[in-house]
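The values are calculated or read from the model by the stated rules, or taken from the named source; none is laboratory data. Computed from a prediction, not measured in an experiment: that's the story for all the values here. All Cβ positions, even for glycine, are placed from backbone atoms using ideal geometry, and neighbour counts span all protein chains on display.
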Amino acid sequence: MSWTSLKTKALLASSALMSSFAMASPDLGAAEQQATNWHAIIMFVIFVGFTLFITKWAAKQTQSTKDFYTAGGGISGFQNGLAIAGDFMSAASFLGISAMVFSSGFDGLLYSLGFMVGWPIVLFLIAERLRNLGKYNLSDVVSFRLEEKPVRTLAAFSSLVVVAFYLIAQMVGAGQLIKLLFGLNYNIAVVIVGLLMMAYVMFGGMLATTWVQIIKAVMLLSGATFMAFMVMKAVGFSFSEMFNQAIHVFSQVHHVSFEDAAKIMGPGKLAANPIDALSLGLALMFGTAGLPHILMRFFTVKDAKEARKSVVVATGFIGYFYLLTFIIGFGAILFVSNNPQFLDVAKMALTGKLELMGGNNMAAVHLSDALGGDLFMGFISAVAFATILAVVAGLTLSGASAISHDLYANVFKKGQTTPESELRMSKIATLGLAIFAMVLGILFEKQNVAFMVGLAFSVASCANFPVLVLSMFWKGLTTRGAVMGGLVGLVMAVLLIVLSKAVWVDTLKIAETPVISLNGPAIIAMPLSFFCCWFFSITDKSARAERERKAFDAQFVRSVTGIGASGASDH
C-alpha cells in the first residue's frame, strides 16, 4: 500500500465517531479474535522453538541455587546491560506507550521519559552497593545488618506485590497479541503464555532467562528502529513535519478543528491534574530502583565494576528505545488511524471512539503491517511476544526467589535448608506464580498495559525504595523503622490503587465513581514511608537498635570497597 493512499484513505466509519475523543484511559479495549496470520505464527513458532532450545541448554548448566537465581555470577557487564534493557523494554513500553501516544499524543511522553529517568539513580546510588552487599536479591541487602526474619518477610511480600502488578500488564499484552494473531480465545491465549513462561523459569533459571532477554532485546531494537526509520522517511526525516501531519490526521479522524487537534502536542488529560502528574513522575523515577526483577540482575555479574557497566549499557539502549516508541506512536496516528483495514467499525459505532482491531494496545502491531506488510507484522508480533515472555520469566524468577530464598529458606527454615530443597521450593513457587499470573491476566483483560506497569512502579517506589536506600545510606535505620516504613508504604500504595478509578470503577465495577480521585499513590505513600522509617527508627531505643546502628560502619565499608563481597566463585 503506497504512502499517499495510507495518508489519504477516507475513514469508513467517520459517521460513527463522536466529535471528541477520550484520552488513553486505563481501559483500551479487549482484543477481538482475528483471522489467522500465518507469517506471524511461523516466526512465532521459530522463536519459541529457539528459546526452548536455549532453555534445554541452560537446564544442563543450572545445578545449584546460585545458578538458578544468578546464572552463577558469570554474565559479563555488556551482556547483563543488554539483558536489563530486555527486561525493562517490556510489553508496556512497546505496546502500551505507543498506544498512549497514538491515543493522546504528548501524554505518552510522560511514560517514555518517566521510565527512563530512574536509571541515573540506579547507576549512582544503587548498583555498586547492591552488588557488594547482596547475594541473590533485594532482601539480602535490606536485611544485611537488620534482623533477618521481619525485614526479609516484608521485602519478600512487597516484591511479590510489585511482581503481581507487573505480571498483569505482560499477561494482558500477551493475551491480546495471541488472540489477534491466532484467532484464539483470550483466556486460552493467557494460559499458553503462562505455560511457556513456566517452562523457561522452572528448567532454565536465570541463565535461560538472560539469554532470552538478550535475543529479544536485539530483535526488538532492530524492529523498532526499522519502524521508526520508515515513519521518519515518509515525513522527510522532519519531526515538525511528522507532528504537523499527525495533527492534521487527528483532526480529520476525530472531527475536531486543527487547533483542537494541536492539543495532542501539549499535556492532556494524563497531566491535567498536576498532583497526578507529579505522583506518576515520582513513581516512575524512584520505582526503577525498587523493582525486584531489575535489582536481581546485578547479582549475575562478577563484581561491582561489571554492575556499573551493565547500568551504563542498559541506560543507552533504553534511552534510544523510548525515543523510538514516541516516533512509533505518532507513526500509528499517521498510518493506522485513517486506514479502514485496522479499524473496528462495529465497536466504534457502539463507543463513538476510535477503536483498533484487537484494541488500541495493538497500535504498534498494526503500524508494522502498514509499513512492511504481513511479513514485517509477523516479525514485530513475534518480537512483541518474545518481549513479554522474557519479562514475564524475569518477573517470575524474582517472585520465586522471594518465596523460596527469603520466606522458605531464611524465614521459615531459619537458614537450615539444603540448596536442593530451596531449588525445589523455587520451582513450586514458579508453578504457583504462573497460575496466579494467568488468573490476573484474565481479570484485568481491558486495562492499558503501560498504565498497569505504572502501578507496579508506584508500589516499588513506596514500599521497596525507601527501605533499600535508607538501609544503605542512613546509619540510624533500625529493624522497627524499616518494617513500619515499608509496611506503611506497601499498604498505603495498594489501598490507594484499589480505591482509584482504574481498579475500583473500571476493573472491579464496585461503584460509578472512585473513592479517591488520585490515580497514582506515590505522592502520598512514598513520603509517608520515608517518614515512618525515620520516626520509628529514632524512637527505637532498644539494645537491638543500638547494635544495628553500630553495625552500619562495617556495612558501609563493604558497600563501598566490596571487601568481603560475594565474588563469582564465592557464594
Check on G481, touching a Cys at 6+ places or on another chain (Cβ under 8 Å), of a type outside the set (F, W, Y), surrounded by 22 or more Cβ atoms within 10 Å (Cβ to Cβ) and touching a residue at least 24 places away in the same chain (Cβ under 8 Å): yes
Positions within the stretch 67-119 being modelled with pLDDT under 90, surrounded by fewer than 24 Cβ atoms within 10 Å (Cβ to Cβ) and closer than 30 Å to E422 by Cα, in sequence order: D67, G72, G73, G74
Any hit, the stretch 387-405, residues being of a type outside the set (A, V, I, L, M) and more than 30 Å from V151 (Cα to Cα): yes
Scan of the stretch 244-260 for residues that are crowded, with 17+ Cβ neighbours inside 10 Å, among the small types (G, A, S) and more than 30 Å from the chain's Cα centre (by Cα), ordered by number: S251
Pairs, first within 17 Å of M452 (Cα to Cα) in the stretch 173-188, second among the charged types (D, E, K, R) and outside any helix (DSSP H, G or I), C-beta under 9 Å, six or more apart: G175/E445; Q176/E445
The stretch 543-566, subset at pLDDT 90 or above and surrounded by fewer than 12 Cβ atoms within 10 Å (Cβ to Cβ), residue farthest from R308 (Cα to Cα): A543
Unmet criterion (only one of (1) at negative phi; (2) out of contact with any helix residue (DSSP H, G or I) (no Cβ under 6 Å at 6 or more places or on another chain)) for L477: (2)
Tabulated pairs, the stretch 50-73, first under 15 Å from M425 (Cα atoms) and in contact (Cβ under 8 Å) with a residue 24 or more places away in the chain, second charged (D, E, K, R) and assigned to a helix (DSSP H, G or I), C-beta under 6 angstrom, 6+ apart or interchain: T65/E422
Helices (runs of 4 or more DSSP H) lying entirely in the stretch 383-484 (those with 1 or more residues that are at pLDDT below 85 and small (G, A, S)): 449-459
Members of the stretch 127-164 that are of a type in the set (K, R) and assigned to a helix (DSSP H, G or I): R129, R131, K149, R152
Selection status of K550, farther than 20 Å from F457 by Cα and either touching a residue at least 24 places away in the same chain (Cβ under 8 Å) or basic (K, R) (or both): yes
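Tell me, which helices (runs of 4 or more DSSP H) lie completely within the stretch 272-355 with 1 or more residues that are within 16 Å of the chain's Cα centre (by Cα) and surrounded by 24 or more Cβ atoms within 10 Å (Cβ to Cβ)? Break it down into steps so the answer makes sense when it comes.
Numbers: elements: 274-287, 292-295, 304-335, 345-351.
Filter on the stretch 272-355 gives 274-287, 292-295, 304-335.
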Test: residue in the stretch 185-193 that is buried (at least 24 other Cβ atoms within 10 Å of the Cβ) and in contact with a Ser or Thr (Cβ under 9 Å, 6 or more places away or on another chain): no
Complete set of residues in the stretch 496-533 that are free of Cβ contacts under 8 Å to residues at least 60 places away in the same chain, part of a helix (DSSP H, G or I) and not aliphatic (A, V, I, L, M): W504, P527, F531, C532
Scan of the stretch 165-196 for residues that are part of a helix (DSSP H, G or I) and over 23 Å from the mean Cα position of the chain (by Cα), ordered by number: F182
Pairs where the first residue, in the stretch 239-261, is in contact (Cβ under 8 Å) with a residue 40 or more places away in the chain and the second is assigned to a helix (DSSP H, G or I) and of a type in the set (S, T, N, Q), C-beta under 8 Å, 6+ apart: V253/S14; H255/S14
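Table: residues versus (1) of a type outside the set (S, T, N, Q); (2) assigned to a helix (DSSP H, G or I).
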position: M219; (1), (2): yes, yes
position: G223; (1), (2): yes, yes
position: A228; (1), (2): yes, yes
position: K233; (1), (2): yes, yes
position: S240; (1), (2): no, yes
position: Q245; (1), (2): no, yes
position: H255; (1), (2): yes, no
position: I264; (1), (2): yes, yes
Matching residues in the stretch 418-450 - criterion: being surrounded by fewer than 24 Cβ atoms within 10 Å (Cβ to Cβ) and under 24 Å from G108 (Cβ atoms): F444, E445, K446
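Using the structure shown, decide if F457 is among the aromatic types (F, W, Y) and out of contact with any Gly (no Cβ under 7 Å at 6 or more places or on another chain). Steps first, answer last, please.
On the way: among the aromatic types (F, W, Y): yes; out of contact with any Gly (no Cβ under 7 Å at 6 or more places or on another chain): no.
No: the conditions fail for F457.
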